[in-house]
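Undergrad: Got a structure for you, questions after.
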Amino acid sequence: MDEPLKLTLFVAGQTPKSLAAIRNLKTICETHLAGKYLIEVIDLKEHPRLAREHNIVAIPTLVRQLPVPIRKIIGDLSDSEKVLIHLKVGSE
Amino acid sequence: MTRAAGIDKSPTGIEGFDELTLGGLPAGRPTLVCGTAGCGKTLFASTFLIHGARDHDEPGLFVTFEERPSDLVANVASLGFGLDDLVARQRIAFEYVQVDPSELAEIGEYDLEALFLRLGAAIDEIGAKRVVLDTIESLFSAFSNPAILRAEIRRLFDWLKDRGMTTVITGERGDGALTRQGLEEYVSDCVILLDHRVQNQVSTRRLRIVKYRGTSHGTNEYPFLIDEDGFSVLPVSALGLDHVVHEERISTGVPDLDAMLSGGGFHRGSSILVSGVAGSGKSSLGASFVNATCAAGERAMYFSFEESASQMVRNMRSIGIDLGRWIDTGALRHVSNRPTFYSLEMHLAVILREIATFRPSLVVIDPISAFGTSGDLTEVQAMLLRVVDFLKANGITGLFTHLSHVQGQIATDGGLSSLMDGWILLLNREANGEFNRELYLLKARGIRHSNQVREFVFDESGIHLLPPFLGEAGALTGSARRAEEARLRREAARHRAVAETMRQDLLQKQAQARAQLDLLQAELAGAAAALERLDADESLNRQQADEDLRIMRESRAGQGAD
């Protein structure tokens with residue numbers, strides 16, 4: 001657990017799902033991963049090209065850039081247990 | 001091409017398809033193209049996109065969910081569309097949407113807004129008017145919530161429609177439904193079904209327009225081809241009987257046969273059946289037609305299902321018909337295929353396309369009976385009907401050979417006789433230990449023709465019909481004919497000898513009579529002369545007697561008076 005998690009959250013505008021995802025992610029990280037994460041939020045409405053670059057189809061999508069391999073979670077991240085499992089925090 | 005009122009059409013550039021749909025796909029609306037794997041959906045979509053970008057100034061966006069853009073470019077490269085050039089000039093763009101379910105987890109609510117944004121950006125980038133989604137159903141394997149997906153796909157189609165994109169959506173055929181995920185529910189404007197069937201180990205591709213809102217369209221299944229020239233559909237059943245009729249005659253290449261048809265040959269654009277048993281000379285007669293057509297400066301096409309081009313050239317050279325030179329000058333195109341090589345529909349498609357490309361004025365199909373093995377009878381008949389219709393509609397003369405199994409059979413497997421304008425029956429009859437070829441004009445619509453059965457022979461100068469020869473016991477051919485001719489010659493000679501003898505006799509008799517006549521005439525003349533002399537003497541005598549009497553009286557009177 002030396003490396004910090006590098007997370008990118010792709011949203012599209014201020015939709016309820018996007019806002020919920022941002023809120024949920026922040027809560028999860030602050031609660032379980034304090035000091036060990038880096039979050040970047042990208043609004044694809046403003047940067048549509050990045051969607052292709054990162055091959056994003058669904059909104060919201062959370063991408064774990066680091067540690068590799070890349071993992072993607074789509075949805076509003078409403079289940080924090082599942083989010084943590086998929087980020088594999090604690091198992092690596 | 002006529003346009004139906006109300007609906008704008010986007011031409012697809014797919015040969016035949018635009019005619020079938022009276023203009024192409026509905027412009028600004030989505031069209032679903034569905035079918036089983038490998039039936040040509042992606043090629044259909046690519047052709048549509050490339051044609052728009054190249055010929056109609058409508059840039060296209062290819063959204064691929066399955067294949068990589070590089071693979072797609074490579075796949076259509078063989079068709080010579082110049083796709084890489086179109087991509088380089090930004091007339092066509094690819095959007096590769098790759099969704100790998102293994103690296104994806106779903107937690108909570110989501111939508112596909114990012115896909116919309118990507119498509120929106122890509123469309124704006126090149127000013128796209130046409131979009132292909134190939135194959136959007138892949139998303140169903142990546143996302144586990146079908147309810148969300150369905151709602152989003154429906155929204156996507158509406159969105160594309162709102163943006164005025166002419167869209168082709170490909171979908172995999174499902175069990176009992178047109179597509180696995182029921183995409184047809186979302187596409188209400190146009191649904192096209194591609195099919196790929198294997199029957200008797202031969203595959204056929206077929207296309208059917210399931211739905212086309214606002215347009216009258218053919219509802220049949222149409223065969224289509226995918227080959228080095230791309231995708232082409234053959235709406236051949238759409239042809240009617242309203243073809244132009246020609247008065248002009250074309251030679252059969254056999255002067256004697258032309259002479260049997262008053263006016264010299266068959267009408268241009270007629271369909272002629274040549275039927276006969278094996279070895280009766282069907283192909284040779286076909287070659288003769290071809291030779292005559294090429295010699296007249298026109299083009300001919302020979303579809304052979306039995307012989308290769310070189311074999312045909314060699315064989316025909318033996319009867320003085322040099323087809324090789326016509327192939328060399330491009331006046332003759334010889335296409336040979338095994339009947340079992342394709343399905344019937346595919347054969348039809350190949351034949352029609354070859355004809356449409358080459359534009360010959362004579363087409364020979366040798367033999368049509370070969371198709372009997374690759375389809376049932378009604379199909380064969382339907383197919384040949386289409387060929388005949390197509391030829392007639394284009395004013396092309398068609399010659400069809402048919403192998404009969406029974407000597408002099410006046411019926412064909414496909415029941416084709418009614419389709420044909422002319423029918424030449426070739427017989428190869430055994431008599432006195434030899435086979436002799438005979439030809440009979442069974443039918444020639446609109447032409448007064450001879451009713452004779454003529455013997456025909458091949459030699460190094462071509463095909464000749466011998467003058468009809470009727471012996472005492474019917475028409476004779478071959479050596480029987482020659483024997484009969486010799487016998488008649490002998491008979492005539494004997495007659496001549498007898499007559500000569502009789503004539504000599506008579507002449508002699510005449511001469512004798514004439515001699516006797518001369519003699520009698522001389523006798524007659526002698527008798528007449530004698531008679532004359534006698535008369536003269538008589539009169540002289542009487543005068544003398546009178547004189548004597550007078551003198552005597554005078555002397556008596558002088559001696560005494562009485």
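The values are calculated or read from the model by the stated rules, or taken from the named source; none is laboratory data. Since this is a predicted model, take the numbers as computed values, not measurements. For neighbour counting, all protein chains shown are included, and Cβ atoms are generated from backbone atoms with ideal geometry for every residue, glycine included. Just so you know, the surface numbers come from the protein's heavy atoms only, side chains and all, with ligands and any DNA or RNA stripped out. Shrake-Rupley method; radii C 1.70, N 1.55, O 1.52, S 1.80 Å.
Undergrad: Give me, ordered by chain and number, the residues 5 or more places off residue B:274 or on other chains with an amide H under 5 Å from its own placed amide H.
TA: Those lying under 5 Å, H to H, from residue B:274 are B:400, B:401, B:402, B:424.
Undergrad: Can you give me the distance in nm between label points at residue B:227 and residue B:497, each placed 7 Å from the Cα along the Cα-to-Cβ direction?
TA: Rounded to a tenth, the inter-label distance reads 7.0 nm.
Undergrad: While we're looking at this one, here's another question. 7 Å from Cα along Cα→Cβ at both residue B:220 and residue B:483: what's the point-to-point distance in nm?
TA: The two pseudo-label positions are separated by 5.5 nm.
Undergrad: Okay, helix-only estimate at 222 nm for chain B: each DSSP H run of n ≥ 4 adds -39500 (n - 2.57), divide by all residues, round to 500 deg cm²/dmol; what do you get?
TA: Rounded to the nearest 500, it is -13000 deg cm²/dmol.
Undergrad: Taking R0 as 60 Å, what FRET efficiency do you get between residue B:515 and residue B:357 from their Cβ-Cβ distance, rounded to the nearest 0.05?
TA: That gives a FRET efficiency of 0.05.
Undergrad: So, one more: Heavy atoms of the protein only, probe of 1.4 Å, neighbouring chains included. What is the accessible area of residue A:47 in Å², nearest 10?
TA: The accessible area of residue A:47 comes to roughly 90 Å².
Undergrad: For the pair residue B:66/residue B:505, report the inter-label distance in nm, with labels modelled 7 Å from Cα in the Cβ direction.
TA: Here the answer is 10.4 nm between the modelled labels.
Undergrad: Pop out the carbon and sulfur fraction of the accessible area of the range B:290-367 as a percent, whole number, probe 1.4 Å. Walk me through the numbers before you get to the answer.
TA: Numbers: 1500 of 3100 Å².
Within the range B:290-367, the accessible surface is 48 percent carbon and sulfur.
Undergrad: Please list, by residue number, every one of the trypsin sites (Lys or Arg not before Pro) in the range B:421-524 that is coil in DSSP and has at most 11 other beta-carbon atoms within 10 Å.
TA: Hits after loop and neighbour filter: B:448.
Undergrad: Now for a separate question. Provide the convex hull volume over Cα atoms per residue for the protein assembly as shown, in Å³.
TA: Taking only Cα atoms, the protein assembly as shown has a hull volume of 274 Å³ per residue.
Undergrad: Taking the dipole about the Cα centre of the range B:420-472, with the C-beta of Lys and Arg at +1 and of Asp and Glu at -1, give me whichever of B:467, B:420, B:452 is farthest to the positive side.
TA: B:420
Undergrad: For the range B:77-92, in order, what is each residue's ³J(HN,Hα) by Karplus, 6.51 cos²θ - 1.76 cosθ + 1.60 with θ = phi - 60°, in whole Hz (x at glycine and Pro)?
TA: So the J values, rounded to whole Hz, are 4, 5, 8, x, 7, x, 5, 5, 5, 5, 5, 5, 8, 6, 8, 10.
Undergrad: Taking the Cα atoms only, what angle lies between the long axis of helix B:377-393 and the longest principal axis of chain B, rounded to 10 degrees?
TA: The helix B:377-393 is inclined about 80 degrees to chain B.
Undergrad: While we're looking at this one, here's another question. Can you pull the Rg over Rh of chain B, Cα-only, Kirkwood? Don't skip to the end; give the middle numbers.
TA: Values: Rg = 46.4 Å, Rh = 30.4 Å.
Answer for chain B: 1.53.
Undergrad: Next question. Given +1 on the Cβ of Lys and Arg, -1 on the Cβ of Asp and Glu, and no further charges, what dipole in debye does the range B:447-562 carry about its Cα centre, rounded to the nearest 20?
TA: Dipole magnitude for the range B:447-562 comes out near 1060 debye.
Undergrad: Sticking with this one: Rounded to the nearest 5, what is the percent of antiparallel bridges among the DSSP beta bridges in the range A:5-87?
TA: 55
Undergrad: Right, here's the next one. Per-residue HN-Hα couplings for the range A:10-25, Karplus 6.51 cos²θ - 1.76 cosθ + 1.60 at θ = phi - 60°, whole Hz, x for Gly and Pro?
TA: Per-residue couplings from phi come out as 9, 10, 9, x, 9, 7, x, 5, 5, 4, 5, 5, 4, 5, 4, 4 Hz.
Undergrad: Would you please give the residues with an amide H less than 5 Å from that of residue A:41, counting only those at least 5 places away or on a separate chain, with H modeled from the backbone geometry?
TA: HN-HN under 5 Å from residue A:41: A:9.
Undergrad: Moving on. Just to check I understand the Karplus step: with θ = phi - 60° and J = 6.51 cos²θ - 1.76 cosθ + 1.60, what whole-Hz values come out for the range B:250-266, glycine and proline as x?
TA: Karplus values, whole Hz, x for Gly and Pro: 10, 6, 8, x, 10, x, 5, 6, 4, 5, 5, 9, 4, x, x, x, 8.
Undergrad: Still on this structure, I have one more. With every protein chain kept in place and ligands, DNA and RNA left out, what is the accessible area per residue of the protein assembly as shown? Probe 1.4 Å, answer in Å². Write out the running numbers ahead of the final one.
TA: Details: 31480 Å² over 654 residues.
With the other protein chains kept in place, the protein assembly as shown gives 48 Å² per residue.
Undergrad: Report the gain in length on full extension from residue B:406 to residue B:538: 0.36 nm times residue separation, minus Cα-Cα distance, nm rounded to one decimal.
TA: Here the segment from residue B:406 to residue B:538 would lengthen by 37.0 nm.
Undergrad: Okay, moving on. Could you calculate the contour length gain from residue B:445 to residue B:529, that is, 0.36 nm times the residue separation minus the distance between their Cα atoms, to one decimal place in nm?
TA: Going from the current span to full extension adds 21.6 nm.
Undergrad: Taking 0.36 nm per residue of separation and subtracting the Cα-Cα distance, what length does fully extending residue B:208 through residue B:125 add?
TA: Result for the pair: 26.4 nm of gain on full extension.
Undergrad: Out of residues 5 or more away from residue B:31 or on other chains, whose amide H comes under 5 Å of its own, with H placed 1.01 Å from N in the peptide plane?
TA: Those lying under 5 Å, H to H, from residue B:31 are B:167, B:168, B:169.
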